[in-house]
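The values are calculated or read from the model by the stated rules, or taken from the named source; none is laboratory data. What you see is a predicted model, and the numbers here were worked out from it, not measured in a lab. Heads up, the Cβs are rebuilt from the backbone with ideal geometry, glycines too, and the neighbour counts pull from every protein chain shown. Areas reflect the complete protein model, heavy atoms only, side chains present, ligands, DNA and RNA absent. Shrake-Rupley method; radii C 1.70, N 1.55, O 1.52, S 1.80 Å.
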Amino acid sequence: QVQFVESGGGLAQPGGSLRLSCAASGFILNKYHLAWYRQAPGKEREWIASIFSGGTTTYGESVRGRFTISRDNAKNTVHLQMNNLRPEDTAVYYCHRPLYPRDSWGQGTQVTVSS
């Protein structure tokens, strides 16, 4: 059974950093396209970053240059390093396999950016 467990969220000040983790189970992570999404209150879920099986990464315009997606194959985990955080980054963050919409979504991890 495919599962995603996100962690690492919390409260950060504007300009600060957080590192999110997503532990995946039920499949070998480095063989698939993985992505991070976020959902702010009252808004639709937004794609923000992807890492492909070959290691190529791509980012949404709102986070490009500030966030970095990476993976740890030994731990079957994908990370999101978030730097220079802004209040508009406040959201619940999720990871998922974009090409497998039937996969269950994890609980997400809350990120709040506020002074």
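Mind checking which pairs have a first residue in the range 87-115 that is in contact (Cβ under 8 Å) with a residue 40 or more places away in the chain and among the polar types (S, T, N, Q) and a second that is open to solvent by 40 Å² or more (accessible area, probe 1.4 Å) and in a loop (DSSP other than H, G, I, E, B), Cβ under 9 Å, 6 or more apart or different chains? Listed pairs, sorted by first residue: Thr90/Pro41; Thr90/Ser114; Ser104/Gln1; Ser114/Gln13; Ser114/Pro14; Ser115/Gln13; Ser115/Pro14. Scan the range 32-53 and give yes if some residue there is on the phi > 0 side of the Ramachandran plot and touching a residue at least 12 places away in the same chain (Cβ under 8 Å), otherwise no. No: the range 32-53 contains no residue that is on the phi > 0 side of the Ramachandran plot and touching a residue at least 12 places away in the same chain (Cβ under 8 Å). Annotation: Ser70 fulfils all but one of (1) outside any strand (DSSP E or B); (2) under 12 Å from the mean Cα position of the chain (by Cα); (3) among the small types (Gly, Ala, Ser); the unmet one is (1).
With respect to Val78, determine if the residue is more than 11 Å from the chain's Cα centre (by Cα), of a type in the set (Val, Ile, Thr) and within 19 Å of Gly9 (Cα to Cα). Here the answer is no, as Val78 does not meet what is asked. Within the range 3-55, being among the hydrophobic types (A, V, I, L, M, F, W, C) and either in a loop (DSSP other than H, G, I, E, B) or within 15 Å of Thr112 (Cβ to Cβ) (or both) holds for Leu11, Ala12, Leu18, Leu20, Phe27, Ile28, Ala40, Phe52. For the subset of the range 83-97 comprising residues that are in a loop (DSSP other than H, G, I, E, B) and open to solvent by 40 Å² or more (accessible area, probe 1.4 Å), which member is nearest to Ser53 (Cα to Cα)? Restricting to residues being in a loop (DSSP other than H, G, I, E, B) and open to solvent by 40 Å² or more (accessible area, probe 1.4 Å), the top hit is Asn83. Any residue in the range 1-15 that's farther than 18 Å from Leu80 by Cβ and open to solvent by less than 90 Å² (accessible area, probe 1.4 Å): show its pairings with residues that are aromatic (Phe, Trp, Tyr) and assigned to a loop (DSSP other than H, G, I, E, B) at Cβ separation under 8 Å, as long as the two are six or more apart or on different chains. Taking only residues 6 or more apart or on different chains, the pairs are Val2/Phe27; Val2/Tyr100. Residues in the range 55-82 that are in contact (Cβ under 8 Å) with a residue 40 or more places away in the chain and either surrounded by 13 or more Cβ atoms within 10 Å (Cβ to Cβ) or of a type outside the set (Lys, Arg) (or both): Arg71, Asn73, Asn76, Thr77, Val78, His79, Leu80, Gln81, Met82.
Only residues that are under 11 Å from Thr77 (Cα atoms) and of a type outside the set (A, V, I, L, M) were counted in the range 8-26, giving 3. Scanning the range 22-50 for residues that are closer than 16 Å to Glu61 by Cα, open to solvent by 50 Å² or more (accessible area, probe 1.4 Å) and of a type in the set (Phe, Trp, Tyr) gives a single hit, Trp47.
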